[in-house]
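Data first, discussion second: the structure below is written as structure tokens.
The values are calculated or read from the model by the stated rules, or taken from the named source; none is laboratory data. Quantities reported herein were computed from a predicted structural model and do not represent experimental measurements. Quick reminder, even Gly has a Cβ in these numbers, built from the backbone with ideal geometry, and neighbours come from all protein chains shown.
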Amino acid sequence: MNKAITDDLQLMPPPFVEGLDVWSSEDGTPGSDTYEGAPNAAIVDADQDFGSALELSKTQSVQRLRWKGEVPLRPGMYLRVRARVKAISGDLPSVRIAGWAGDDSGDAVEDVPGTGPELALTDYGTVVTVEAIIGSGDRSGVDMVWGMEPQYGHFGLDLVGPTGGTVRIDDIEITDVTHVFHREMMDWIDVRDYGAIGDGDTDDRAAFEAANDAAEAAGRQLLVSDGVYHIGDTLTITVPVRFEGRLEMAAESRLQLTRSYDFPTYARAFGDDELGFRKALQALFNFTQHVVLDLKGRRFSLTEPVDVHAVVGNRDSFAQRRVITNGQIQLEEGAAWDTRSFTRQATYSPDDSRLLTGVDNADEIPVGALVTGSGVGREVYVVARNPGAETLTLSQPLHDAEGTHEYTFTRFAYALDFSGFSQLSKFEITSVEFQCRGHASTIMLAQEGLAFRIVDCVFNRPKDRGITSPGRGCQGLFVDHCQFESNEMPLRAQDRTSIALNVNANDSKIRNNRVVLFGTFAVTNGSGHIYIGNHFFQGDNESEGIRQAGLVFTQPNVMSTVTGNYIDNCFIEWTNEHSATPEFGTQFSFGGLTVTGNTFTTIGVAPWVRLFVIKPFGPGHYIQGLNLSGNVFRMINGAIERVDMVDDSIADLDYTRFRNVVVENNAFNAVLQPVANPVMLRHDQIGEDDTWTVETGGYLPFEGRARNVQSLVLEQEVTDESGEAVFATPYVLTGQGAGGSAVRLRWPRAVKGRAHVTIRVDNPN
């Protein structure tokens, strides 16, 4: 940098030969005496060393020579004042550079050094060079540190020592030497100083490496100045870096910024947000010092899906913790987000329950495609294909699908698609908002993996799906404190098809999320799941409206907990639709589900709507462990008949085998038929009879059978036809009446009275 050029500053004094009226014998300020006409100063036109020069006789103890021009001095600017001098005759003096400092009012600045180092003249005719550097900063090599207050100076030199000598002085030079201090002042090294061309064609990788090594050795940053730099292979930069120019690299070449690893830096490095994000992702998977890709609060746009596996390019599996955090990703409309659909005939056999065979052109069916058709449950996806064998591998078995049928394969587009990885574990996305804008879905997980974590994120208007697991990459999935806002809000509840998330494997933790007006909140296979503190609502403004399932379990023995959720205008559905042999055999039946402390509410729904539904897809199943307790069921603008139901459209339950069913301490508001197990009923026998029939009247869960009498308490006396008290004990017959919903108390003779009977729909163990 030379401010005399870049800022058009006048630094250089005129030659002496142009006149001595601008050369002061004092401090150089306006009004000070000059050497014009002075008897001890003269111009020499043809000195053998200098050409024209000033010949000056020393008549004062300090003989001053100052240019009256005001030389500007700005913060961060450094000036070098230089003169060549030789002694001609008389006593030999010493010489030094000197100056007067002025502030912005024209007053002298005190307490700044006015002179530089002295140089003694030791003989006659020998040319010596005296110089000093003046600047604002106290840096190595600065002779006169003036700080921030001086705005300009009058510069020249002093002759000190004995008087009577005569010297000749070449024209004084004042130059900007700020560039000498760049590396110390700016704390960077420019790649161009190490041979980078920046023409977009020359491979500048070697120059970048040399500049990086120099910056690392000096403890400085790296500057990539303006230009287009072609980098021919993977490049690692180990110092902080600033990009003014941009890079061009092949797709397989990586940029690894170990000290400046964040999204804004990568976006600047490639001059494009989308490409910068892809390159940053590539580095995230390929360099051990990169753990967190920080978006730094930035929003950027995607014009097409990010196939993360293809971007990374060299890994099929990854199991080290990696994080994307702190930003917003917005999808821009375009054909790249279009859904693709394929229809094929295929053959299915329960003996190979996850395989479709005889699939023509199987290579055209994308991995991650949703499968629909005969016997296909919800959220079944293609996880692998074998075109040579004409087979497709599925994420879940089919039910009642044996034989050859026609299937549809629908591939949604996702903003971030991890499905190309065979295994991906410990990946995290935190504090990221996805502005899907109805153009595409959001995240598709890998085929296999453990502990994918999505926290504090916003899923804004995904087109079809929020989070999709096509395989078992959802094992131990965490989804916490997220918001899911549907693109289907204006539609009636029954017309919505979007799903916020699905799970195929075990042990997911879905907690404290807010899910707005999707077709379904979650479709969950596997077991060991925890749904806590979520608010999911799926209502509409329809009068006597229809409601869809909000939370769906597709495995009969789920070993899962649903606690403290706000289940708003939707219901829990429990099926075995992902069973290749859905009829009951030797497997566990419906059990292991705890539903406690939730708030269920509906507004303006049809009276036949139910809030907890079991739907068997094959005969012989029963309930072998259910705790439905401590919940609040509240209906607004209308009442429903009851909260529970078995959907027997395919098969019914075996009510004679229920065990370990706990339904208690629930609150029912605008529910015509409360339910409980056990249920305590009061029976008043008005006329004498030896058989008292106690009807459960719909109180038993799922309108099940009265299988056990837990207790029997008689209130007051039981009397016979003569009014005499009877102290006999009745025995009990269970499973009586229509559907086995009543119990009968058999007495030795006809009696009347009041009994409190506690009846169970199950065997307790």
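General observations
- Within region 397-409, the set of residues being assigned to a strand (DSSP E or B) and buried (at least 18 other Cβ atoms within 10 Å of the Cβ) comprises Y407, F409.
- The combined condition, being in contact with a Pro (Cβ under 9 Å, 6 or more places away or on another chain), closer than 20 Å to Q320 by Cα and surrounded by 17 or more Cβ atoms within 10 Å (Cβ to Cβ), is not fulfilled by L281.
- Taken over region 101-149, the criterion of being charged (D, E, K, R), within 29 Å of E55 (Cα to Cα) and either in contact with an Asp or Glu (Cβ under 8 Å, 6 or more places away or on another chain) or crowded, with 16+ Cβ neighbours inside 10 Å (or both) is satisfied by E131, D143.
- Residues of region 17-45 satisfying the condition of being farther than 19 Å from G153 by Cβ, out of contact with any helix residue (DSSP H, G or I) (no Cβ under 8 Å at 6 or more places or on another chain) and among the β-branched types (V, I, T): V17, V44
- Filtered by the rule that a residue be surrounded by 20 or more Cβ atoms within 10 Å (Cβ to Cβ) and more than 29 Å from N557 (Cβ to Cβ), region 462-486 gives P462, K463, D464, S486.
- Whichever residue in region 249-276 is in contact (Cβ under 8 Å) with a residue 40 or more places away in the chain and either within 20 Å of S301 (Cα to Cα) or hydroxyl-bearing (S, T, Y) (or both) and, among such residues, is surrounded by the fewest Cβ atoms within 10 Å (Cβ to Cβ): A251
- G620 vs. criteria under 30 Å from Q736 (Cα atoms) and part of a loop (DSSP other than H, G, I, E, B): yes
- Region 46-92, subset part of a strand (DSSP E or B) and among the basic types (K, R), residue nearest to G102 (Cα to Cα): R66
- For G420, the test of being free of Cβ contacts under 8 Å to residues at least 24 places away in the same chain and either in a loop (DSSP other than H, G, I, E, B) or assigned by TED's automatic domain parsing to the domain that holds G449 (or both) is failed.
- Selection from region 52-76 of residues that are within 16 Å of H154 (Cα to Cα) and among the hydrophobic types (A, V, I, L, M, F, W, C): L65, W67, V71, L73
- Only one of the numbered conditions (1) closer than 30 Å to G438 by Cβ; (2) among the hydrophobic types (A, V, I, L, M, F, W, C); (3) under 15 Å from the mean Cα position of the chain (by Cα) is not met by F270, and that is (3).
- Members of region 668-708 found to be aromatic (F, W, Y), outside the structural domain of V732 (by TED's automatic domain parsing) and under 24 Å from N763 (Cβ atoms), listed by number: none
- Answer from T575, T586 - the residue that is within 23 Å of V380 (Cα to Cα) and of a type in the set (V, I, T): T575
- All conditions in (1) surrounded by fewer than 22 Cβ atoms within 10 Å (Cβ to Cβ); (2) within 40 Å of the chain's Cα centre (by Cα) hold for E583, with the sole exception of (2).
- Of all residues making up region 127-140, the number that are modelled with pLDDT of 95 or more and either more than 30 Å from T166 (Cα to Cα) or over 60 Å from the mean Cα position of the chain (by Cα) (or both): 4
- Condition check for L73: of a type in the set (A, V, I, L, M), modelled with pLDDT under 95, surrounded by 13 or more Cβ atoms within 10 Å (Cβ to Cβ) and in contact with a helix residue (DSSP H, G or I) (Cβ under 6 Å, 6 or more places away or on another chain): no
- Selection of region 363-396 for residues being free of Cβ contacts under 8 Å to residues at least 40 places away in the same chain and surrounded by 22 or more Cβ atoms within 10 Å (Cβ to Cβ) yields V371, V376.
- Selection count, region 623-646, where residues are over 17 Å from F553 (Cα atoms) and in a strand (DSSP E or B): 7
- Verdict on L491 being of a type in the set (A, V, I, L, M) and assigned to a loop (DSSP other than H, G, I, E, B): yes
- One residue stands out in region 228-245 among those that are out of contact with any strand residue (DSSP E or B) (no Cβ under 6 Å at 6 or more places or on another chain) and surrounded by 15 or more Cβ atoms within 10 Å (Cβ to Cβ): the one that is nearest to E216 (Cα to Cα), namely T238.
- Exclusive hit being part of a loop (DSSP other than H, G, I, E, B), without any contact (Cβ under 8 Å) to a residue 40 or more places away in the chain and charged (D, E, K, R), set E721, E717: E721
- Residue match in region 310-322 (condition: in contact (Cβ under 8 Å) with a residue 12 or more places away in the chain, in contact with a Pro (Cβ under 6 Å, 6 or more places away or on another chain) and either in a loop (DSSP other than H, G, I, E, B) or exposed (fewer than 14 other Cβ atoms within 10 Å of the Cβ) (or both)): no
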